[in-house]
Amino acid sequence: MAASPAGRFCGEVISSGDYQDVETMLNVDKDGRITGTYELDEPDGRVEGTVTEKEPGTGTSRTLVWTDKYGTGLLELDFSDDYKEFKARWGGSNNGRFDAASHTWNGTRCTSLSLR
């Protein structure tokens, strides 16, 4: 079976000015577009959001749009060649325009020991 970005990834994201544990669930639809959800626990409570690839992409570098209670922005994902991990950067938006992706977000395929 070919390597795929679909799966559950455990990692960290910069949010509220500090590193937070994040769980990112990714799927690939029939068009090849990556979609998914994420959740993290912040000092003020749980944050749940969605990610959707803007245009169906190919290869290990993809651009998605994240959306949660804080707003929306770009998420630039760079997967390892075997799709076992990703390093990403995210940014917000202001007046309908996306900011540069400058905050870190990463993930490694979760193991059964990684359950939150």
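Within the range 62-86, being under 9 Å from the mean Cα position of the chain (by Cα) and open to solvent by 60 Å² or more (accessible area, probe 1.4 Å) holds for one residue alone: Glu76.
Of everything in the range 1-36, what is in a strand (DSSP E or B), in contact with a Leu (Cβ under 8 Å, 6 or more places away or on another chain) and hydrophobic (A, V, I, L, M, F, W, C)? Give them in sequence order. Correct list: Phe9, Val13, Val22, Ile34. In the range 46-56, the count of residues that are modelled with pLDDT of 95 or more and either part of a loop (DSSP other than H, G, I, E, B) or over 15 Å from the mean Cα position of the chain (by Cα) (or both) is zero. A single entry from Glu53, Glu48, Glu23, Glu42 fulfils the requirement of being within 15 Å of Glu85 (Cβ to Cβ) and either surrounded by fewer than 13 Cβ atoms within 10 Å (Cβ to Cβ) or acidic (Asp, Glu) (or both): Glu23. In the range 57-75, which residue that is charged (D, E, K, R) and in a strand (DSSP E or B) is farthest from Gly96 (Cα to Cα)? Out of the qualifying residues, it is Arg62. Within this structure, Thr35 passes the test of being more than 20 Å from His103 (Cβ to Cβ) and either in contact with a strand residue (DSSP E or B) (Cβ under 8 Å, 6 or more places away or on another chain) or surrounded by 15 or more Cβ atoms within 10 Å (Cβ to Cβ) (or both).
The values are calculated or read from the model by the stated rules, or taken from the named source; none is laboratory data. Given the structure is predicted, the values throughout are model-derived calculations rather than measurements. Don't worry about glycine lacking a Cβ; one is built from the backbone with ideal geometry, like all the others, and counts go over all protein chains shown. Calculation scope for accessible area: heavy atoms of the full protein, side chains included, ligands and nucleic acids excluded. Shrake-Rupley method; radii C 1.70, N 1.55, O 1.52, S 1.80 Å.
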